[in-house]
Structure formats: structure tokens, C-alpha cells
1. Could you list, in sequence order, the residues of the range 47-64 that are free of Cβ contacts under 8 Å to residues at least 60 places away in the same chain, under 13 Å from Phe37 (Cβ atoms) and open to solvent by less than 60 Å² (accessible area, probe 1.4 Å)?
2. With the requirement that a residue be in a helix (DSSP H, G or I), in contact with an Asp or Glu (Cβ under 7 Å, 6 or more places away or on another chain) and touching a residue at least 60 places away in the same chain (Cβ under 8 Å), what does the range 88-126 give you?
3. Is one or more of the residues making up the range 138-149 of a type in the set (Val, Ile, Thr), within 18 Å of Val36 (Cβ to Cβ) and open to solvent by 30 Å² or more (accessible area, probe 1.4 Å)?
4. Among the residues of the range 55-87 satisfying the criterion of being of a type in the set (Lys, Arg) and not in a loop (DSSP other than H, G, I, E, B), which is nearest to Thr16 (Cα to Cα)?
5. Could you tell me which residue of the range 33-47 is modelled with the lowest pLDDT, considering only residues that are touching a strand residue (DSSP E or B) at 6+ places or on another chain (Cβ under 7 Å) and assigned to a loop (DSSP other than H, G, I, E, B)?
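The values are calculated or read from the model by the stated rules, or taken from the named source; none is laboratory data. This one's a predicted model, so the numbers in the text were calculated from it and none came from an experiment. Positions of Cβ are generated from backbone atoms using ideal geometry, with glycine treated the same way; all protein chains shown enter the neighbour counts. Heavy atoms of the whole protein, side chains included, go into the accessibility calculation; ligands, DNA and RNA do not. Shrake-Rupley method; radii C 1.70, N 1.55, O 1.52, S 1.80 Å.
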Amino acid sequence: MVELGQADILIGPYKTPEREERFSFLDRPFYQDRMVFFARSGNPIAWTGNFDSLKGIHIAAVSGWVYGSAFDHARRQLRVSNAPKPENGVLMLVHGHVDLLAANRRNIEPVLAALRLTNSVTELAPIVDVQNGYLAFPRKVLFDAMRLRYNQAFNELVERGELTRLGRKHDVQVP
């Protein structure tokens, strides 16, 4: 809807070259996700940051999510199944249908808590990548003035330290 100008703002998309063709983003992101792998507790998998070590390991990735260029490049050689939602990915992992789940803590921790599976899953290090979330606007001249006003207001929010305060309050990583 935002791409077509039927909605004014898309909240939170990660910026990619493909998305930059479809949307106009604010200059600065307002949150940050660390993309990581999750494994079943007690089923340690050696993840050193080298995707070659994951060949033959069955990985679930949430459909439509962006994991970074290194993951995208390695994905062709990996065994990756798509999960329609984070909840599906968690269940695929804990029931042994996959060995790893590629996701971020911000979206997975509430799912684990709701399903009472917090102790069933462990986060692996190092991180896969860092993705920044933005406000995105239609790429139409009609929306340029609004985007510029938001950009100015957001920059002021960052400069006053308000974004950092809000990030701490809501336990969200900010850039």
C-alpha cells in the first residue's frame, strides 16, 4: 500500500537495494536487529561465522525477512526452509524439523515466552548480520515534504537523546 501511495508510512522495514527502488527512507534508522542463529538447547552446533561450516545443517528462515548479504550469498549452498512466521520457525526448531533458526532476538523472545519454550532454545554467537529498521515512504513527489518533515523531527529526536532513552525503556536496540 505504501509503494502505491495508498498509505503514508511503512514502519520498520530494513533497507535493501530492492526496497530503495520501491520506497523513500528516512536518513537514519530508528532501531537495530542483530540477526542470529538459534539452536535447540543441548544440541550445540558449531557456528563460527563461516557459512561453509553450515553445509548440510537444516536451517529455517522466516519468509520475507532480510538476513544480510553474506547470508543471502551463502543461502544458495545451504539447506534453508522457509517458515511463514517466527512462531513456525520456533516450532520447527524445537520439534527437530530443522537444526537452526535464523532470526532476531526482538521477534523470537516473545514467541519463546508465549510458547513457554524459553529454556528450549539457545542463541548462537557470533551474529549473522545487523539490520537497521527505518520509516519508509512512497517514492512519489506528493510525499516528499512529509518525509522531509519526519526526517527533521527524527533527527532532532536523536540529537536530544530521546531515541536512546526510548530504546532503553522498550528494550530495543538503537543505532
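1. Hits for the range 47-64 are Phe51, Ser53, Leu54, Ile57, His58, Ile59, Ala60, Ala61, Val62.
2. Across the range 88-126, the qualifying residues are Arg105, Arg106.
3. no
4. Checking each candidate, the answer is Arg75.
5. Ile45
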